[in-house]
Amino acid sequence: MSRQKGPGILAVCILLSIWILSVVPVRGQLIDNTQATNTINAGINKSLANEIGAGRGDIMTPNSSLFIIGRDPFRAVRRGRQLFQRKFTVGQGQGPGVGDGFGNINTILTIGAGLADSCALCHGRPRGSAGAGGDVVTRPDSRNAPHLFGLGLREMLADEITADLRAIRRKAIVQAAAHNRSVTMPLTSKGISFGSITANPDGSVNTSGVQGVNPDLRVRPFFAHGQTISIREFTVGALNAEMGLQSVDPDLAQANAGHVVTTPAGMVLNGMEDQIEAPPSPDPVKGNEIPVSLVDFLEFYLLNYFSPAIYEQTVFTSQGQKLFTQIGCAQCHVPDLQINQDRRVADVQTVFDPARGIFNRLFATATTLTGLVNDGSGFPPLKPPLFQPFLVKNIFTDFKRHDLGPNFHERNYDGTFQTQFLTRALWGVGSIAGHGHDGRSINLTEVILRHGGEAQAAGNAFAALTPDSQGAVLDFLNSLVLFPPDDTASNLDPGNPSATNFPQVGHGSIKLGVLFNNPSDPE
(Lines give C-alpha, C1' and ligand atoms only; values in the text may rest on other atoms or scores of the structure.)
Protein backbone atom coordinates (compact mmCIF):
# COMPACT_ATOMS: atom_id res chain seq x y z
CA MET A 1 0.00 0.00 0.00
CA SER A 2 1.67 3.19 -1.15
CA ARG A 3 1.62 6.24 1.11
CA GLN A 4 0.76 9.56 -0.48
CA LYS A 5 1.16 12.89 1.22
CA GLY A 6 -1.97 14.69 2.26
CA PRO A 7 -2.51 18.39 2.94
CA GLY A 8 -0.35 19.96 5.61
CA ILE A 9 -1.64 22.10 8.48
CA LEU A 10 -1.74 25.80 7.63
CA ALA A 11 -0.21 28.04 10.28
CA VAL A 12 -2.33 31.02 11.35
CA CYS A 13 -0.53 34.22 10.40
CA ILE A 14 -0.24 36.84 13.14
CA LEU A 15 0.70 40.40 12.33
CA LEU A 16 3.31 41.57 14.81
CA SER A 17 5.61 44.55 14.38
CA ILE A 18 9.00 43.09 15.29
CA TRP A 19 12.62 43.71 14.74
CA ILE A 20 15.16 40.89 14.60
CA LEU A 21 18.11 40.78 16.95
CA SER A 22 21.34 38.94 16.21
CA VAL A 23 21.08 35.20 16.78
CA VAL A 24 23.23 33.68 19.51
CA PRO A 25 23.61 29.88 19.51
CA VAL A 26 22.13 28.29 22.62
CA ARG A 27 22.75 24.92 24.26
CA GLY A 28 20.63 22.85 26.63
CA GLN A 29 22.82 24.02 29.49
CA LEU A 30 24.17 27.56 29.48
CA ILE A 31 27.26 29.13 30.98
CA ASP A 32 27.20 32.56 32.59
CA ASN A 33 29.17 34.98 30.38
CA THR A 34 30.17 36.95 33.46
CA GLN A 35 31.77 33.82 34.93
CA ALA A 36 33.07 32.03 31.84
CA THR A 37 33.99 34.54 29.16
CA ASN A 38 34.11 33.48 25.52
CA THR A 39 34.83 35.16 22.21
CA ILE A 40 31.34 34.89 20.72
CA ASN A 41 29.61 35.78 24.00
CA ALA A 42 27.38 32.68 23.87
CA GLY A 43 25.48 32.04 27.06
CA ILE A 44 23.62 33.94 29.77
CA ASN A 45 24.19 37.69 29.63
CA LYS A 46 23.27 38.52 33.22
CA SER A 47 25.08 37.38 36.34
CA LEU A 48 23.17 35.45 38.97
CA ALA A 49 23.13 38.56 41.16
CA ASN A 50 21.55 40.54 38.31
CA GLU A 51 18.97 37.82 37.76
CA ILE A 52 18.09 37.94 41.47
CA GLY A 53 17.75 41.70 41.04
CA ALA A 54 15.83 43.54 43.74
CA GLY A 55 14.27 40.36 45.08
CA ARG A 56 10.52 39.83 44.90
CA GLY A 57 9.60 43.46 45.60
CA ASP A 58 6.33 44.61 44.04
CA ILE A 59 5.06 46.23 40.85
CA MET A 60 6.57 49.54 42.03
CA THR A 61 10.05 48.08 42.70
CA PRO A 62 12.16 48.20 39.53
CA ASN A 63 14.21 45.07 38.76
CA SER A 64 12.18 42.95 41.20
CA SER A 65 10.44 39.76 40.09
CA LEU A 66 6.94 41.16 40.63
CA PHE A 67 7.84 44.32 38.71
CA ILE A 68 9.22 42.39 35.74
CA ILE A 69 6.43 39.78 35.70
CA GLY A 70 3.82 42.53 35.89
CA ARG A 71 5.30 45.05 33.46
CA ASP A 72 7.71 43.11 31.22
CA PRO A 73 6.31 39.57 31.29
CA PHE A 74 8.17 38.26 28.24
CA ARG A 75 11.46 39.22 29.87
CA ALA A 76 10.27 37.32 32.95
CA VAL A 77 9.66 34.22 30.81
CA ARG A 78 13.07 34.54 29.20
CA ARG A 79 14.82 35.07 32.53
CA GLY A 80 13.15 31.97 33.92
CA ARG A 81 14.35 30.07 30.86
CA GLN A 82 17.90 31.28 31.40
CA LEU A 83 17.72 30.18 35.03
CA PHE A 84 16.39 26.80 33.88
CA GLN A 85 19.41 26.39 31.59
CA ARG A 86 21.96 27.96 33.97
CA LYS A 87 24.83 25.79 35.17
CA PHE A 88 24.93 26.50 38.90
CA THR A 89 28.30 26.34 40.61
CA VAL A 90 29.33 24.79 43.90
CA GLY A 91 30.02 28.30 45.15
CA GLN A 92 26.39 29.16 44.46
CA GLY A 93 25.23 26.19 46.53
CA GLN A 94 24.92 23.37 43.99
CA GLY A 95 25.29 19.90 45.59
CA PRO A 96 25.49 17.58 47.36
CA GLY A 97 22.14 15.82 46.97
CA VAL A 98 19.65 15.03 49.71
CA GLY A 99 21.49 13.09 52.40
CA ASP A 100 24.48 12.87 50.07
CA GLY A 101 23.38 9.31 49.29
CA PHE A 102 23.02 8.14 52.91
CA GLY A 103 19.83 7.34 54.80
CA ASN A 104 16.65 5.27 54.62
CA ILE A 105 15.44 5.47 51.04
CA ASN A 106 12.21 3.69 52.03
CA THR A 107 11.10 6.88 53.73
CA ILE A 108 13.27 9.54 52.04
CA LEU A 109 13.05 8.68 48.37
CA THR A 110 15.04 11.70 47.20
CA ILE A 111 18.23 10.21 48.66
CA GLY A 112 18.44 8.31 45.37
CA ALA A 113 18.15 11.42 43.18
CA GLY A 114 20.97 12.09 40.78
CA LEU A 115 22.94 15.28 41.30
CA ALA A 116 22.63 17.84 38.49
CA ASP A 117 24.04 21.33 38.03
CA SER A 118 21.14 22.66 35.95
CA CYS A 119 17.47 21.94 35.31
CA ALA A 120 18.40 21.42 31.65
CA LEU A 121 20.68 18.52 32.54
CA CYS A 122 17.59 16.34 33.07
CA HIS A 123 15.14 18.30 30.90
CA GLY A 124 17.20 19.35 27.90
CA ARG A 125 16.37 17.28 24.83
CA PRO A 126 16.00 18.29 22.06
CA ARG A 127 18.69 20.93 22.25
CA GLY A 128 17.79 23.89 24.40
CA SER A 129 14.25 22.73 25.20
CA ALA A 130 12.57 21.63 28.39
CA GLY A 131 12.51 18.18 26.87
CA ALA A 132 12.99 14.65 28.16
CA GLY A 133 16.37 13.59 29.36
CA GLY A 134 18.18 12.47 32.49
CA ASP A 135 17.49 9.56 34.77
CA VAL A 136 15.48 10.42 37.86
CA VAL A 137 14.84 8.56 41.10
CA THR A 138 11.31 7.36 41.63
CA ARG A 139 11.54 3.65 42.28
CA PRO A 140 14.26 0.99 41.98
CA ASP A 141 13.46 0.59 38.29
CA SER A 142 13.71 4.36 37.74
CA ARG A 143 12.75 6.21 34.54
CA ASN A 144 13.68 9.06 32.24
CA ALA A 145 12.79 12.58 33.26
CA PRO A 146 9.63 13.62 31.37
CA HIS A 147 9.49 16.62 29.08
CA LEU A 148 8.01 19.85 30.41
CA PHE A 149 6.39 21.17 27.24
CA GLY A 150 2.94 22.57 28.05
CA LEU A 151 3.54 22.30 31.80
CA GLY A 152 1.45 25.38 32.60
CA LEU A 153 -1.47 24.12 30.53
CA ARG A 154 -1.40 20.90 32.52
CA GLU A 155 -1.36 22.79 35.83
CA MET A 156 -4.32 24.97 34.82
CA LEU A 157 -6.40 22.08 33.50
CA ALA A 158 -5.82 19.99 36.62
CA ASP A 159 -6.67 22.92 38.87
CA GLU A 160 -9.91 23.66 37.02
CA ILE A 161 -10.94 20.00 37.07
CA THR A 162 -10.31 19.97 40.82
CA ALA A 163 -12.50 23.05 41.28
CA ASP A 164 -15.31 21.43 39.28
CA LEU A 165 -15.19 18.18 41.24
CA ARG A 166 -15.17 19.97 44.58
CA ALA A 167 -18.09 22.17 43.51
CA ILE A 168 -20.07 19.01 42.78
CA ARG A 169 -19.17 17.68 46.23
CA ARG A 170 -20.37 20.89 47.88
CA LYS A 171 -23.63 20.78 45.90
CA ALA A 172 -24.24 17.18 46.98
CA ILE A 173 -23.63 18.07 50.65
CA VAL A 174 -26.06 21.00 50.47
CA GLN A 175 -28.78 18.92 48.79
CA ALA A 176 -28.35 16.02 51.23
CA ALA A 177 -28.83 18.38 54.17
CA ALA A 178 -31.78 20.14 52.56
CA HIS A 179 -33.66 16.94 51.72
CA ASN A 180 -32.48 14.92 54.73
CA ARG A 181 -31.39 11.99 52.57
CA SER A 182 -28.25 10.74 50.90
CA VAL A 183 -27.53 12.29 47.51
CA THR A 184 -25.29 10.71 44.87
CA MET A 185 -23.91 12.84 42.06
CA PRO A 186 -21.70 12.01 39.09
CA LEU A 187 -18.26 13.60 39.18
CA THR A 188 -17.71 15.00 35.71
CA SER A 189 -15.43 17.78 34.51
CA LYS A 190 -14.47 18.76 30.96
CA GLY A 191 -16.32 15.70 29.67
CA ILE A 192 -14.27 13.32 31.85
CA SER A 193 -15.95 11.04 34.40
CA PHE A 194 -14.28 10.67 37.78
CA GLY A 195 -16.95 8.32 39.11
CA SER A 196 -19.49 9.52 41.65
CA ILE A 197 -19.75 10.86 45.17
CA THR A 198 -22.44 10.38 47.82
CA ALA A 199 -23.21 12.98 50.49
CA ASN A 200 -25.13 12.04 53.62
CA PRO A 201 -27.56 14.19 55.62
CA ASP A 202 -25.08 14.47 58.52
CA GLY A 203 -22.52 16.13 56.22
CA SER A 204 -20.31 13.08 55.79
CA VAL A 205 -19.25 12.00 52.31
CA ASN A 206 -18.86 8.52 50.82
CA THR A 207 -16.01 8.56 48.28
CA SER A 208 -16.05 4.84 47.41
CA GLY A 209 -17.36 5.69 43.94
CA VAL A 210 -14.56 8.16 43.15
CA GLN A 211 -12.38 7.01 40.26
CA GLY A 212 -8.92 8.06 39.08
CA VAL A 213 -8.28 10.69 41.74
CA ASN A 214 -7.74 10.81 45.51
CA PRO A 215 -10.80 11.02 47.79
CA ASP A 216 -9.97 14.71 48.37
CA LEU A 217 -10.76 15.24 44.64
CA ARG A 218 -7.48 17.08 44.06
CA VAL A 219 -6.02 16.30 40.64
CA ARG A 220 -2.25 16.14 40.95
CA PRO A 221 -0.84 16.45 37.42
CA PHE A 222 2.88 16.12 38.14
CA PHE A 223 4.95 12.94 38.50
CA ALA A 224 3.88 9.66 36.93
CA HIS A 225 1.77 8.60 39.89
CA GLY A 226 0.21 12.02 40.53
CA GLN A 227 2.00 13.51 43.51
CA THR A 228 2.28 17.28 43.18
CA ILE A 229 -0.31 19.92 42.34
CA SER A 230 1.74 22.94 41.34
CA ILE A 231 4.70 24.04 39.25
CA ARG A 232 6.07 25.89 42.28
CA GLU A 233 6.22 22.75 44.43
CA PHE A 234 7.71 20.81 41.53
CA THR A 235 10.40 23.47 40.99
CA VAL A 236 11.43 23.95 44.61
CA GLY A 237 11.48 20.20 45.17
CA ALA A 238 13.65 19.53 42.11
CA LEU A 239 16.10 22.31 43.01
CA ASN A 240 16.57 20.65 46.38
CA ALA A 241 16.51 16.96 45.45
CA GLU A 242 18.29 16.97 42.09
CA MET A 243 20.59 19.98 42.45
CA GLY A 244 21.19 20.41 46.17
CA LEU A 245 19.93 24.00 45.99
CA GLN A 246 17.73 25.03 48.91
CA SER A 247 14.96 27.56 48.34
CA VAL A 248 13.19 28.55 51.55
CA ASP A 249 10.15 29.65 49.58
CA PRO A 250 7.70 31.82 51.56
CA ASP A 251 4.71 30.91 49.39
CA LEU A 252 5.10 27.19 50.01
CA ALA A 253 5.85 27.78 53.69
CA GLN A 254 2.66 29.81 54.19
CA ALA A 255 0.49 27.38 52.23
CA ASN A 256 2.00 24.42 54.10
CA ALA A 257 1.01 26.18 57.34
CA GLY A 258 -2.63 26.28 56.24
CA HIS A 259 -2.88 29.67 54.53
CA VAL A 260 -4.21 30.53 51.07
CA VAL A 261 -1.49 31.96 48.83
CA THR A 262 -1.62 33.14 45.23
CA THR A 263 1.78 32.83 43.55
CA PRO A 264 3.10 35.41 41.07
CA ALA A 265 2.14 32.99 38.28
CA GLY A 266 -1.46 33.08 39.51
CA MET A 267 -1.66 29.59 41.03
CA VAL A 268 -3.76 29.50 44.20
CA LEU A 269 -2.16 27.29 46.84
CA ASN A 270 -4.97 26.59 49.27
CA GLY A 271 -3.40 25.26 52.43
CA MET A 272 -6.84 25.03 54.02
CA GLU A 273 -7.95 22.30 51.60
CA ASP A 274 -4.71 20.80 50.28
CA GLN A 275 -1.50 19.54 51.80
CA ILE A 276 1.13 21.74 50.16
CA GLU A 277 4.71 20.52 50.20
CA ALA A 278 6.88 22.50 52.61
CA PRO A 279 10.05 24.11 51.27
CA PRO A 280 13.39 22.66 52.37
CA SER A 281 15.26 23.98 55.37
CA PRO A 282 18.01 26.51 54.67
CA ASP A 283 21.46 25.21 53.81
CA PRO A 284 23.40 25.05 57.10
CA VAL A 285 26.27 27.08 55.60
CA LYS A 286 24.85 29.22 52.80
CA GLY A 287 21.30 29.62 54.08
CA ASN A 288 18.67 30.36 51.43
CA GLU A 289 20.54 29.47 48.23
CA ILE A 290 17.73 30.26 45.77
CA PRO A 291 16.01 33.57 46.60
CA VAL A 292 12.27 33.85 46.06
CA SER A 293 12.67 36.04 42.96
CA LEU A 294 14.43 33.21 41.13
CA VAL A 295 11.62 30.79 41.99
CA ASP A 296 9.13 33.39 40.73
CA PHE A 297 10.89 33.56 37.36
CA LEU A 298 11.21 29.77 37.04
CA GLU A 299 7.53 29.25 37.88
CA PHE A 300 6.46 31.95 35.42
CA TYR A 301 8.63 30.47 32.66
CA LEU A 302 7.23 26.97 33.13
CA LEU A 303 3.66 28.29 33.29
CA ASN A 304 4.21 29.81 29.84
CA TYR A 305 6.32 27.04 28.34
CA PHE A 306 5.36 26.09 24.79
CA SER A 307 3.20 23.10 23.95
CA PRO A 308 4.67 20.42 21.64
CA ALA A 309 4.50 20.59 17.87
CA ILE A 310 2.47 18.85 15.19
CA TYR A 311 4.58 17.39 12.40
CA GLU A 312 3.44 16.64 8.83
CA GLN A 313 -0.21 15.65 8.56
CA THR A 314 -1.12 13.19 5.80
CA VAL A 315 -4.00 10.93 4.85
CA PHE A 316 -2.27 8.29 6.95
CA THR A 317 -1.97 10.40 10.11
CA SER A 318 -5.63 11.34 9.69
CA GLN A 319 -6.61 7.70 9.28
CA GLY A 320 -4.42 6.82 12.25
CA GLN A 321 -6.13 9.30 14.54
CA LYS A 322 -9.56 7.97 13.53
CA LEU A 323 -8.43 4.43 14.28
CA PHE A 324 -6.91 5.61 17.58
CA THR A 325 -10.38 6.79 18.60
CA GLN A 326 -12.24 3.80 17.18
CA ILE A 327 -10.22 1.21 19.10
CA GLY A 328 -10.79 3.05 22.39
CA CYS A 329 -7.47 4.80 23.05
CA ALA A 330 -9.14 8.23 23.18
CA GLN A 331 -11.31 7.16 26.13
CA CYS A 332 -8.31 7.87 28.38
CA HIS A 333 -6.09 9.81 25.97
CA VAL A 334 -8.65 12.60 25.46
CA PRO A 335 -7.39 14.75 22.57
CA ASP A 336 -8.54 18.30 23.42
CA LEU A 337 -9.47 19.97 26.70
CA GLN A 338 -10.81 23.46 27.39
CA ILE A 339 -9.27 25.90 29.86
CA ASN A 340 -11.76 28.42 31.24
CA GLN A 341 -9.26 31.10 32.32
CA ASP A 342 -5.82 31.00 30.74
CA ARG A 343 -3.16 32.56 33.02
CA ARG A 344 -0.41 32.58 30.38
CA VAL A 345 0.89 35.70 28.65
CA ALA A 346 1.60 34.02 25.30
CA ASP A 347 0.82 30.96 23.24
CA VAL A 348 3.09 29.32 20.67
CA GLN A 349 1.72 26.99 18.01
CA THR A 350 4.36 24.99 16.13
CA VAL A 351 3.40 23.12 12.97
CA PHE A 352 4.88 21.49 9.88
CA ASP A 353 5.70 24.21 7.33
CA PRO A 354 8.25 23.19 4.67
CA ALA A 355 8.29 26.69 3.20
CA ARG A 356 9.15 28.61 6.37
CA GLY A 357 10.50 25.83 8.59
CA ILE A 358 14.27 26.13 8.17
CA PHE A 359 15.15 23.31 10.58
CA ASN A 360 12.95 20.23 10.95
CA ARG A 361 10.47 21.91 8.58
CA LEU A 362 8.66 23.33 11.61
CA PHE A 363 7.51 26.92 12.06
CA ALA A 364 6.22 28.49 15.29
CA THR A 365 3.64 31.24 15.55
CA ALA A 366 3.60 33.21 18.81
CA THR A 367 0.49 35.03 19.99
CA THR A 368 0.53 37.44 22.90
CA LEU A 369 -2.23 37.00 25.48
CA THR A 370 -1.80 40.17 27.54
CA GLY A 371 -3.78 43.28 28.22
CA LEU A 372 -2.32 46.76 28.71
CA VAL A 373 -3.02 48.80 31.85
CA ASN A 374 -1.48 52.22 32.40
CA ASP A 375 -1.50 52.68 36.17
CA GLY A 376 -0.14 56.24 36.03
CA SER A 377 3.01 55.25 37.92
CA GLY A 378 5.42 56.51 35.28
CA PHE A 379 6.68 52.96 34.85
CA PRO A 380 5.90 50.84 31.77
CA PRO A 381 2.24 49.78 31.72
CA LEU A 382 1.12 46.56 33.36
CA LYS A 383 0.59 43.63 31.00
CA PRO A 384 -1.73 41.23 32.81
CA PRO A 385 -2.98 37.96 31.29
CA LEU A 386 -6.30 38.22 29.46
CA PHE A 387 -7.71 35.19 31.36
CA GLN A 388 -9.68 34.09 28.30
CA PRO A 389 -10.82 30.55 27.49
CA PHE A 390 -8.30 28.46 25.57
CA LEU A 391 -8.70 25.10 23.86
CA VAL A 392 -5.69 22.87 24.55
CA LYS A 393 -5.32 20.72 21.46
CA ASN A 394 -3.59 17.37 21.05
CA ILE A 395 -2.80 16.84 24.74
CA PHE A 396 -4.32 13.32 24.84
CA THR A 397 -4.85 12.74 28.56
CA ASP A 398 -7.71 12.57 31.06
CA PHE A 399 -5.68 13.50 34.19
CA LYS A 400 -6.88 10.30 35.88
CA ARG A 401 -4.89 7.49 37.45
CA HIS A 402 -5.42 4.04 35.96
CA ASP A 403 -4.27 0.49 36.59
CA LEU A 404 -2.94 -0.84 33.28
CA GLY A 405 -2.14 -4.27 34.67
CA PRO A 406 1.01 -5.91 36.00
CA ASN A 407 3.07 -5.02 32.92
CA PHE A 408 3.04 -1.42 34.15
CA HIS A 409 3.30 -2.03 37.90
CA GLU A 410 6.51 -0.82 39.57
CA ARG A 411 8.30 -1.83 42.74
CA ASN A 412 8.82 0.59 45.59
CA TYR A 413 11.92 0.46 47.76
CA ASP A 414 9.90 -0.83 50.72
CA GLY A 415 8.70 -3.85 48.74
CA THR A 416 5.21 -2.55 47.93
CA PHE A 417 4.01 -1.92 44.38
CA GLN A 418 2.74 1.17 42.63
CA THR A 419 -0.17 0.01 40.47
CA GLN A 420 -1.86 3.21 39.31
CA PHE A 421 -0.39 5.95 37.15
CA LEU A 422 -1.62 9.12 35.51
CA THR A 423 -2.62 8.86 31.89
CA ARG A 424 0.47 10.05 30.07
CA ALA A 425 -0.20 13.07 27.86
CA LEU A 426 0.76 11.92 24.38
CA TRP A 427 1.83 15.26 22.93
CA GLY A 428 5.49 14.97 22.03
CA VAL A 429 5.38 11.16 22.09
CA GLY A 430 6.83 10.95 18.58
CA SER A 431 10.13 12.42 19.82
CA ILE A 432 10.58 10.30 22.94
CA ALA A 433 12.76 7.21 23.23
CA GLY A 434 11.90 4.70 25.92
CA HIS A 435 8.14 4.52 26.45
CA GLY A 436 5.90 3.79 29.40
CA HIS A 437 6.17 5.43 32.79
CA ASP A 438 9.36 3.47 33.43
CA GLY A 439 10.85 3.85 29.94
CA ARG A 440 11.06 0.08 29.46
CA SER A 441 9.24 -0.17 26.15
CA ILE A 442 11.55 0.23 23.16
CA ASN A 443 9.01 1.71 20.74
CA LEU A 444 5.39 2.79 20.40
CA THR A 445 4.18 -0.61 19.18
CA GLU A 446 5.55 -2.34 22.27
CA VAL A 447 4.13 0.14 24.74
CA ILE A 448 0.66 -0.08 23.14
CA LEU A 449 0.73 -3.89 23.23
CA ARG A 450 1.86 -3.68 26.85
CA HIS A 451 -1.45 -2.07 27.87
CA GLY A 452 -3.57 -4.32 30.07
CA GLY A 453 -5.87 -3.85 33.03
CA GLU A 454 -8.28 -0.99 32.39
CA ALA A 455 -6.82 -0.59 28.87
CA GLN A 456 -6.84 -4.29 27.91
CA ALA A 457 -9.62 -3.87 25.35
CA ALA A 458 -7.82 -1.01 23.57
CA GLY A 459 -4.55 -2.94 23.56
CA ASN A 460 -6.27 -6.00 22.11
CA ALA A 461 -8.01 -3.86 19.48
CA PHE A 462 -4.69 -2.42 18.32
CA ALA A 463 -3.18 -5.91 18.16
CA ALA A 464 -6.09 -7.03 15.95
CA LEU A 465 -5.55 -4.26 13.37
CA THR A 466 -3.93 -5.06 10.05
CA PRO A 467 -0.26 -4.06 9.72
CA ASP A 468 -1.22 -1.11 7.50
CA SER A 469 -3.77 0.10 10.04
CA GLN A 470 -1.28 -0.28 12.88
CA GLY A 471 1.18 1.70 10.77
CA ALA A 472 -1.35 4.49 10.34
CA VAL A 473 -1.85 4.72 14.13
CA LEU A 474 1.93 4.89 14.57
CA ASP A 475 2.18 7.55 11.84
CA PHE A 476 -0.33 9.62 13.78
CA LEU A 477 1.50 9.20 17.09
CA ASN A 478 4.86 9.96 15.48
CA SER A 479 3.48 13.29 14.25
CA LEU A 480 3.19 14.49 17.88
CA VAL A 481 6.69 15.89 18.33
CA LEU A 482 8.91 18.03 20.52
CA PHE A 483 11.17 20.69 19.04
CA PRO A 484 14.18 22.87 19.96
CA PRO A 485 12.85 26.43 20.49
CA ASP A 486 16.27 27.98 19.91
CA ASP A 487 16.46 26.41 16.43
CA THR A 488 12.85 26.70 15.31
CA ALA A 489 12.01 29.62 13.03
CA SER A 490 9.03 31.69 14.14
CA ASN A 491 7.14 34.88 13.46
CA LEU A 492 9.38 36.45 16.12
CA ASP A 493 12.55 35.40 14.29
CA PRO A 494 11.87 33.82 10.87
CA GLY A 495 15.57 33.30 10.18
CA ASN A 496 17.62 34.00 7.08
CA PRO A 497 19.16 31.10 5.14
CA SER A 498 21.27 33.65 3.22
CA ALA A 499 23.01 34.83 6.38
CA THR A 500 26.77 34.48 6.63
CA ASN A 501 27.72 31.27 8.47
CA PHE A 502 24.24 29.77 8.11
CA PRO A 503 23.05 27.50 9.73
CA GLN A 504 25.08 28.37 12.83
CA VAL A 505 23.40 31.77 12.53
CA GLY A 506 20.24 32.77 10.72
CA HIS A 507 18.37 29.56 11.53
CA GLY A 508 15.51 31.37 13.25
CA SER A 509 14.22 30.91 16.78
CA ILE A 510 11.36 31.67 19.14
CA LYS A 511 12.99 34.90 20.21
CA LEU A 512 10.90 36.38 23.02
CA GLY A 513 13.47 39.17 23.34
CA VAL A 514 11.75 41.14 20.58
CA LEU A 515 8.78 41.50 22.94
CA PHE A 516 10.80 42.94 25.84
CA ASN A 517 10.13 46.53 26.88
CA ASN A 518 13.78 47.12 25.97
CA PRO A 519 14.82 44.53 23.34
CA SER A 520 18.37 45.92 23.27
CA ASP A 521 18.91 44.63 26.83
CA PRO A 522 19.28 40.87 26.33
CA GLU A 523 19.05 38.22 28.99
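The values are calculated or read from the model by the stated rules, or taken from the named source; none is laboratory data. All values reported here derive from a predicted model rather than from experimental measurement. We place every Cβ from the backbone using ideal geometry, glycine too, and count neighbours over all the protein chains shown. These accessible areas exclude ligands, DNA and RNA; they are computed on the full protein's heavy atoms, side chains included. Shrake-Rupley method; radii C 1.70, N 1.55, O 1.52, S 1.80 Å.
A few notes on this one:
- At the residue level, Lys383 shows approximately 40 square angstrom of accessible surface with a 1.4 angstrom probe and all protein chains present.
- Only protein heavy atoms count here; on that basis, with a 1.4 Å probe, Val261 has an accessible area of about 10 Å².
- Per-selection metrics, region 214-265 (Cα): Rg and Dmax in Å: 12.0, 33
- The alpha-carbon positions of region 296-339 define a convex hull whose volume is 99 Å³ per residue.
- Kirkwood hydrodynamic radius over Cα pairs of region 281-376, then Stokes diffusion coefficient at 25 °C and 0.890 mPa s, in µm²/s: 137
- Heavy-atom accessible area ranking, 1.4 Å probe, most first, across Leu298, Leu474: Leu474, Leu298
- Largest accessible area first, the residues Thr34, Thr39, Thr228 order themselves as Thr39, Thr34, Thr228 under a 1.4 Å probe with ligands, DNA and RNA left out.
- Computed over protein heavy atoms with a 1.4 Å probe, the carbon and sulfur contribution to the accessible area of the chain reaches 55%.
- Based on the Kirkwood approach, the hydrodynamic radius assigned to region 444-495 is 13.4 Å, with every pair of different Cα atoms included.
- Take Thr325: with every protein chain present and a 1.4 Å probe, its accessible area is about 80 Å².
- Looking at region 140-227, the trypsin sites (Lys or Arg not before Pro) that sit in a DSSP loop and have at most 13 other Cβ atoms within 10 Å of their own Cβ are Arg181.
- Our summary of shape: the Cα atoms of the chain have principal axis extents of 68, 63, 51 Å, ordered from largest down, in whole angstrom.
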